[in-house]
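Written out below as structure tokens is the structure these notes cover.
The values are calculated or read from the model by the stated rules, or taken from the named source; none is laboratory data. Just so we're clear, the structure is a prediction, and the values are computed from it rather than from any experiment. Cβ placement follows ideal geometry from the backbone for every residue including glycine, while neighbour counts extend to all protein chains displayed. Heads up: the accessible areas ignore ligands, DNA and RNA and are worked out on the full protein's heavy atoms, side chains in. Shrake-Rupley method; radii C 1.70, N 1.55, O 1.52, S 1.80 Å.
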Amino acid sequence: MDYYKIIEKIYQDTQNCFGKGKVSSYIPPLAGIDGKKYGIAIRTVTGEEYKIGDADEPFSIQSISKVFALTYVFHQLGNKVWKRVGREPSSNQFNSIIELEKDNGIPRNPFINAGALVITDMLCELHKKPKVSLLNYVQKLAQNPNIYINEEVAKAEAEFGYRNAAVANFLKSSDNLTNPIKTVLDTYFHQCSIEMSCIDLCRACLFLANNGHSIDNEQVLGFRPNKKINSLMMVCGLYNEAGNFAWRVGLPGKSGIGGGIVAIVPGKLAITVWSPELNKNGNSYVGFKALELFTTLTKESIF
Ligand code: GLU
């Protein structure tokens, strides 16, 4: 398969999709990002890489970081994780608190903010310096020691993090956070502020396509837990639009409000698209379209 030709065609054919979404206004450093940025990258399990546009430019990975945090604690704690977090999709917004109250403080899944905060709490239980440990973990997965946390973004997350603070307080009152709220929030805001390029993300997430093996052939996860992360991405990875992503794209994926989407073709490759203009559900407008075209052109979908 000539993946370069395919991403080149996608890149051209989606140029008319700009201007239909809106760059996130969640925090000032994200609101200032150029909405015309656009990159696509692929890394195959056999080691080939393909990229186009701004695929080497680091951007705020935001919620995509939830995949790394979950993988890290799942590897360390195994199925104990699921005593405190569910595995069902959510039809509410990613930062909603409504469901949490109905579900007695057990978040629906690890990819909504409530679930991610519980996972971050586990990370804080397991590591003395959780921010550094997670960053090192991601750097190793991507084989790039230059991946960094944008402190300006983390600071703004803390300044405007009223909802996350509300969710964390609710979790604490439900006995589902063991560390101080301040520690968990600070770690979570820093994890969301990691910056990576499309190619970094493809390399770091390749294990999901490669039976749990990283690009340097280390076993990140066994076959079964790896399958489980992919299935969670399938049903919960695109906010409350995971159904639409399954319908239009047909791959496990994870998005972030920085405009990135990573998708996995099991057994074959990881593909990342970055385009900061978001649709009304907080997913990259152009990224969604690009991935839809990818599975249409290659016929590489899990369905
Ligand atoms: N830092 C954002 C938040 O906690 C992440 C949002 C996202 O990418 O979904 O609300």
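Candidates ASN211, ASN176: the one that is in a loop (DSSP other than H, G, I, E, B), modelled with pLDDT of 95 or more and open to solvent by less than 30 Å² (accessible area, probe 1.4 Å) is ASN176.
Each row is one residue, and each column tells you yes or no for (1) over 12 Å from LEU208 (Cα atoms); (2) touching a Phe, Trp or Tyr at 6+ places or on another chain (Cβ under 6 Å); (3) open to solvent by 10 Å² or more (accessible area, probe 1.4 Å); (4) within 12 Å of the ligand (Cβ to nearest atom).
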residue	(1), (2), (3), (4)
TRP247	yes, no, yes, no
GLY259	yes, yes, no, yes
ASN281	yes, yes, yes, yes
TYR285	yes, no, yes, no
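Counting only helices (runs of 4 or more DSSP H) wholly contained in segment 55-154, the ones carrying 2 or more residues that are within 14 Å of the ligand (Cβ to nearest atom) occupy 65-77, 113-126.
When we screen ALA158, ALA165 for residues that are open to solvent by less than 50 Å² (accessible area, probe 1.4 Å) and aliphatic (A, V, I, L, M), the only hit is ALA165.
When segment 193-204 is filtered for residues that are open to solvent by less than 10 Å² (accessible area, probe 1.4 Å) and over 18 Å from SER275 (Cβ atoms), the ones remaining, listed by number, are SER193, ILE194, ALA204. Considered as a group, the residues in segment 81-111 that are open to solvent by 10 Å² or more (accessible area, probe 1.4 Å) and polar (S, T, N, Q) include one that is modelled with the highest pLDDT, and that residue is ASN104.
Here segment 190-215 is the region considered, the condition is being farther than 25 Å from ILE7 by Cα and in contact with a Lys or Arg (Cβ under 8 Å, 6 or more places away or on another chain), and the residue that is nearest to the ligand (Cβ to nearest atom) is GLN191. Restricting segment 22-41 to residues that are aliphatic (A, V, I, L, M) and assigned to a loop (DSSP other than H, G, I, E, B) leaves a set whose member that is least open to solvent (accessible area, probe 1.4 Å) is ILE27. From the list GLY19, GLY78, the one residue that fits, being open to solvent by 50 Å² or more (accessible area, probe 1.4 Å) and on the phi > 0 side of the Ramachandran plot, is GLY19. Looking only at segment 226-244, decide whether some residue is part of a strand (DSSP E or B), touching a residue at least 24 places away in the same chain (Cβ under 8 Å), open to solvent by less than 10 Å² (accessible area, probe 1.4 Å) and within 16 Å of the ligand (Cβ to nearest atom). For segment 226-244, residues part of a strand (DSSP E or B), touching a residue at least 24 places away in the same chain (Cβ under 8 Å), open to solvent by less than 10 Å² (accessible area, probe 1.4 Å) and within 16 Å of the ligand (Cβ to nearest atom): absent. Given the structure, is ILE271 under 17 Å from the mean Cα position of the chain (by Cα), away from the ligand (no atom under 16 Å from the Cβ), at negative phi and part of a strand (DSSP E or B)? Taking the combined requirement at face value, the residue satisfies it.
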